[in-house]
Amino acid sequence: MRLALFQPDIPQNVGAAIRLTACLGVELDLIEPCAFPLDDRALRRAALDYGSLARITRHDSWKRFLEHPARLDGRLILFTTKGARSLTQVNFTARDTLLMGAESSGAPEFVHDAAHERLRIPLVAGARSLNLVTAAAMALGEALRQTDRFPFEDSPGPDP
């Protein structure tokens with residue numbers, strides 16, 4: 001299971017996503033360019049004390065992300081307010097990559113076109129969208145629940 005962020009706009013969301021994926025033993029893909037400087041120093045600062053648990057792969061472009069060997073191993077599932085189905089209507093697999101679009105603009109059409117599934121998180125009438133990392137946590141929670149991949153408290157950390 002992987003979480004991917006497409007060209008994130010908000011550094012604090014990247015930090016929260018690092019913490020989320022580190023705590024759940026999930027790999028994080030960051031697809032650049034970002035709307036803020038993202039160098040190794042910035043990543044270490046964003047990871048805080050979760051750096052030793054975080055598994056982060058930076059991709060300098062959408063094309064490089066799609067070509068990455070780990071990306072080729074499973075489905076690409078885009079979470080979008082334009083999703084045709086709810087996250088509760090799909091069966092996740094351990095090889096899925098859950099993709100979140102940019103905070104300010106979502107995902108462009110070429111990203112939608114590359115996705116195997118486009119899912120939405122159901123919201124009450126009148127609600128527009130959730131915070132990116134809140135949506136990612138809900139998506140990962142459902143996917144990990146379905147695949148029985150939540151970490152155990154006594155586990156040594158992420159699989160190598």
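Read-outs: derived from the displayed coordinates by stated rules, not from any lab. The model shown is predicted, which means the values in this text are computed figures rather than measured ones. Cβ atoms come from the backbone with ideal geometry, glycine included; neighbour counts cover every protein chain shown.
When the helix-only estimate is applied to the chain (DSSP H runs of n ≥ 4, each -39,500 (n - 2.57), divided by the residue count), what is the mean residue ellipticity at 222 nm, nearest 500 deg cm²/dmol?
Details: 5 runs with 50 residues, N = 160.
Computed mean residue ellipticity for the chain: -9000 deg cm²/dmol.
Only four residue types carry charge here, +1 at the Cβ of Lys and Arg and -1 at the Cβ of Asp and Glu. Report the dipole size of the chain about the Cα centre in Debye, rounded to the nearest 20. The partial results should precede the final answer.
Values: 19 positive and 20 negative charges, 60 e Å.
The calculated dipole for the chain is roughly 280 debye.
Gain in length, Thr93 to Ala114, computed as 0.36 nm per residue apart minus the alpha-carbon separation, to one decimal in nm?
On the way: separation 21, 0.36 × 21 = 7.56 nm, distance 1.80 nm.
Taking Thr93 through Ala114 to full extension adds about 5.8 nm, to one decimal.
Compute the relative contact order of the stretch 2-147 as a whole-number percentage, counting only Cα pairs closer than 8 Å that sit 6 or more residues apart in sequence. Working shown, then result.
Details: 248 pairs, mean separation 40.6, N = 146.
After rounding, I find 28 percent.
For a protection proxy built on the mean count of beta-carbon atoms within 10 angstrom, sort 89-98, 62-71 highest first, please. Present the calculation step by step, with values, prior to reporting the outcome.
Numbers: 89-98: 17.2, 62-71: 14.5.
Put in order of decreasing packing, that is 89-98, 62-71.
Need one number: % antiparallel among DSSP beta bridges in the stretch 2-147, to the nearest 5.
The antiparallel proportion sits near 5 percent.
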If packing is taken as the average number of other Cβ atoms within 10 Å across a peptide's residues, how do 77-88, 19-30, 119-130 rank, most packed first?
19-30, 77-88, 119-130
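Work out, step by step, the length gained on full extension between Asp49 and Lys63: first 0.36 nm times the residue separation, then minus their alpha carbon distance; give nm to one decimal. Don't skip to the end; give the middle numbers.
Numbers: separation 14, 0.36 × 14 = 5.04 nm, distance 3.11 nm.
Extra length available between Asp49 and Lys63 comes to 1.9 nm.
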Segments 139-149, 7-17 sorted - mean Cβ within 10 Å per residue, highest first:
7-17, 139-149
What is the distance in Å between the Cα centres of the stretch 83-150 and the stretch 1-30?
13
